[in-house]
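Only the coordinates and a few stated rules stand behind these numbers; no lab work does. What you see is a predicted model; the values in this text were computed from it and never measured. All Cβ positions, even for glycine, are placed from backbone atoms using ideal geometry, and neighbour counts span all protein chains on display.
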């Protein structure tokens, strides 16, 4: 008898927990429609059903037991569902059109005659993702300086520092990829702006991309190293001494060219 009572108690626990952990999780992109599908019997519909939203169980739609007619309470709780609800009176399924992030939350369907919860949905509406922006980060310049006696010699590093950034996003990850290999990643849950650095060689011919993603979609931005990491002029890419020598050599060539022209004119 004690074993039988234990089995009954265990089954009752499972039944009660199913209402807590038995939610169906649904993800949808902002602006899309989503249908909360249920397959109720004709008798269940006739007994009346009510769709409720949020932790406070605010009624937003239902089929009335009195006249078996569909009623929409789309002005509740604050007008976020206005002109966005469709209820199928034959199956009991509820459709939300033109979703926004304010529609994220719990949705429950009840039998109004017995006040029994029939099913629970947990919806997450994700905002559409912007395309990441890739730029050269001059503030992270990797040039080095060496001093020699009374002058400085500048040596420009062969590294280019890139910055991938996005503004005003939440529940996303931002990642750098080299081909299909993940190099680095950062995630945020609260609304914020995020950025991620990457250092590459000016002569690197590999394919790099910055990817912004959530649980549904991603936005990828590829970059051309020759466009983003433009090489500097000859003066800054070489040492100070070498630059002076090049300038003097150019000047001498110019003087020689002028002298030859003058000589040719006089000889003529």
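Extending 7 Å from the Cα toward the beta-carbon at both residue 228 and residue 131 defines two label points whose distance is 1.4 nm.
Taking 7 Å steps out from each Cα toward its Cβ at residue 202 and residue 220 produces label points 2.9 nm apart.
For residue 75 and residue 193, a Förster radius of 25 Å and the Cβ-Cβ distance give a FRET efficiency of 0.10, rounded to the nearest 0.05.
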